[in-house]
Amino acid sequence: MSSPAQHLAQPLAASLVQSVDWLAIAPPLLAAVVALVVLVADLFLADARKPLLGRLSVAGLAASTALLLPLRDGDRSTFCLTGDAHACSYTADRFTLVIQFLVLGGALLAALLSVTALKDARGRLPEGEFWFLLLSSAAGAALLPASRDLATLVVALEVASLPAFALVGIRHGDRRSAEAALKFFLSSVTATAVSLMGISFLYATTGTLYLTRIADRIQHVDGQFHTLAQTGVVLTLVGFAFKTAAVPFHFWVPDTYIGAPLPIAAYLSVVGKAVGFSGLILVTVVGLPSYADVWGPALAALAALTMTVGNVGALRQQATRAYSAVRLLAWSSVGQAGYLLVPIAAAAYTDDAEHAVGSTVAYALMYAAVNLGAFAVAALVGRTSPRNRLTDYRGLHARHPLSALLLAFFLLCLAGLPPGVIGLFAKVTVFSAAVDAGLGWLAVVMAVNVVIALYYYLRWTALLFRAPEGEPETETAGGTDPGTEGAPVRHRVPAPLTVAITLTAALGLVLSGAPQLILRFTDTALF
């Protein structure tokens, strides 16, 4: 004879058992599984066979990206509350798939750059740990856009961030790398702590962590808790603003990009931003639409400050300074973050928030393709000019004609000038989002910043086609050819680096020829 306690336990147990949609969670799950396989395999592989780990990691990221294809036809949700199909922790909708494609595709291109960087490092970087950390971070970054509750959002954010700290400081004995990692870590931990406090305030006022339920309940918060809810909204946005490198949370960017291995700087510039912007969009547009009067003005001010500070910082870079090319890309990424914030801010002032969000997604896809391409060419130049100064690019057209033409194309895309048509269309789309939302002052600030950015992008482009000064640089990544006295080694472009440059160039050219492939996101529902 069963007891009353057993009768009570049976429905409780039934309510806790859920079916898991394995196909929906497959892309981030596969990246995480491959990360564990790489970590274990590293224990048993001899040093001479460690490059196999890179091939396995590239294959794993390619397979994770391919797993997005079966999901493209419909929305899928899992880990949902029993009896409420709209309160789920994981949702693979159109927005999720687009951001996951950006994240996993960006991680794949960064992995291709890393294969060459690890080979050139000649054992100075621990390969097993490197690949494990990169795959783990990519898995967390792919999880975040699918998260639909604040707890999962924070976990995904930290899974994406913690391995990135280690990747920045992975060069043993490099003081610059260690300082960059420490600055990145301390500032990120502080931002996360502030966000967790904001989340606790939101939970205290709504009693839930699910974004859809927060959106409903926060509209009916008692007047005595209204200030607490507003404070929670602002504090929650801080952690994601840090990831986007929005001013005043941008100070870690230049030192981190310089201290990190170049492929990791490329990874942070694209995947790190995707994490921040997807988190901002989910928290504001999905979870807190009724508090648009709080986060809308804050994000508009952040957008104006971020694009201005970023472009002025890039403008001030001295061509002869060590790592000035990487510094310029770092400050440029801050400026581009300002443009990406504009449509999210505009979503607070319009009834068609999804159209505004689509503008951010379209711009992010354009930026990811061409910025990774610029980093890929910078990695090529860095193999023979390790200090990676802007002056090292002078006369690149004479040494590597195709690479110079492609870098010029990438820079013109970032500037928004033909033949970089996709960059022009993406900027017009963001500009239109601000105008349509009645943010004319923000559109004016953006226009001024676009003009400022033209100067430093065109200055770099012009250097590529100017005659080189003096003798070619003899400092190389591999020393000198033992058969010649002091002559620089003639390096062949490694296959992974060639593939990365080719993929980004092909993507940029296709999108410039058919910009509707990206811009259609501004006209269709993403949620």
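The values are calculated or read from the model by the stated rules, or taken from the named source; none is laboratory data. Remember, it's a predicted structure, so these values are computed and weren't measured experimentally. Here Cβ is always computed from backbone atoms with ideal geometry, including for glycine, and neighbour counts include all displayed protein chains. The accessibility values were calculated without ligands, DNA or RNA, using every heavy atom of the protein model including side chains. Shrake-Rupley method; radii C 1.70, N 1.55, O 1.52, S 1.80 Å.
Tabulated data
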{"item": "Region 213-233 residues that are touching a residue at least 60 places away in the same chain (Cβ under 8 Å), paired with ones that are in a helix (DSSP H, G or I) and surrounded by fewer than 15 Cβ atoms within 10 Å (Cβ to Cβ) (beta carbon under 9 Å, 6 or more apart)", "result": "ALA229/ALA204"}
{"item": "Any hit, region 409-418, residues being out of contact with any Lys or Arg (no Cβ under 8 Å at 6 or more places or on another chain) and at pLDDT below 90", "result": "yes"}
{"item": "Total residues in region 274-326, condition in a helix (DSSP H, G or I) and charged (D, E, K, R)", "result": "1"}
{"item": "One residue from LEU396, LEU341, LEU405, LEU328 being farther than 30 Å from SER278 by Cα and open to solvent by less than 10 Å² (accessible area, probe 1.4 Å)", "result": "LEU396"}
{"item": "Test for PHE130: is it open to solvent by 30 Å² or more (accessible area, probe 1.4 Å) and either aromatic (Phe, Trp, Tyr) or at positive phi (or both)", "result": "no"}
{"item": "Flag for LEU517 being outside any loop (DSSP other than H, G, I, E, B), modelled with pLDDT under 90 and open to solvent by 30 Å² or more (accessible area, probe 1.4 Å)", "result": "yes"}
{"item": "Selected residue [farther than 19 Å from LEU507 by Cα, touching a His at 6+ places or on another chain (Cβ under 8 Å) and part of a helix (DSSP H, G or I)] from VAL428, VAL342, VAL334", "result": "VAL334"}
{"item": "Tally, over region 31-57, of residues that are open to solvent by less than 50 Å² (accessible area, probe 1.4 Å), more than 17 Å from ALA121 (Cβ to Cβ) and within 26 Å of the chain's Cα centre (by Cα)", "result": "5"}
{"item": "VAL155 vs. criteria of a type outside the set (S, T, N, Q), open to solvent by 10 Å² or more (accessible area, probe 1.4 Å), closer than 25 Å to THR284 by Cβ and in a helix (DSSP H, G or I)", "result": "yes"}
{"item": "All positions within region 348-387 that are assigned to a loop (DSSP other than H, G, I, E, B) and either open to solvent by less than 10 Å² (accessible area, probe 1.4 Å) or among the small types (Gly, Ala, Ser) (or both)", "result": "SER385"}
{"item": "Filter result for the condition that a residue is touching a Leu at 6+ places or on another chain (Cβ under 8 Å), surrounded by 14 or more Cβ atoms within 10 Å (Cβ to Cβ), on the phi < 0 side of the Ramachandran plot and at pLDDT below 95, over LEU439, LEU464", "result": "LEU464"}
{"item": "Filtered residues of region 449-472 (kept if touching a residue at least 60 places away in the same chain (Cβ under 8 Å), among the aliphatic types (A, V, I, L, M) and part of a helix (DSSP H, G or I))", "result": "ILE452, ALA453, LEU463, LEU464"}
{"item": "Count - residues of region 171-230 that are within 23 Å of VAL283 (Cβ to Cβ) and of a type in the set (Lys, Arg)", "result": "2"}
{"item": "Hits in region 214-234 - residues which are over 23 Å from LEU302 (Cβ atoms), assigned to a helix (DSSP H, G or I) and touching a helix residue (DSSP H, G or I) at 6+ places or on another chain (Cβ under 7 Å)", "result": "ARG217, GLN219, PHE225"}
{"item": "Filtered residues of region 81-107 (kept if aliphatic (A, V, I, L, M) and crowded, with 24+ Cβ neighbours inside 10 Å)", "result": "ALA92, ILE99, LEU102, VAL103, LEU104, ALA107"}
{"item": "Residue match in region 448-457 (condition: hydroxyl-bearing (Ser, Thr, Tyr), open to solvent by 10 Å² or more (accessible area, probe 1.4 Å) and in contact with a Leu (Cβ under 8 Å, 6 or more places away or on another chain))", "result": "yes"}
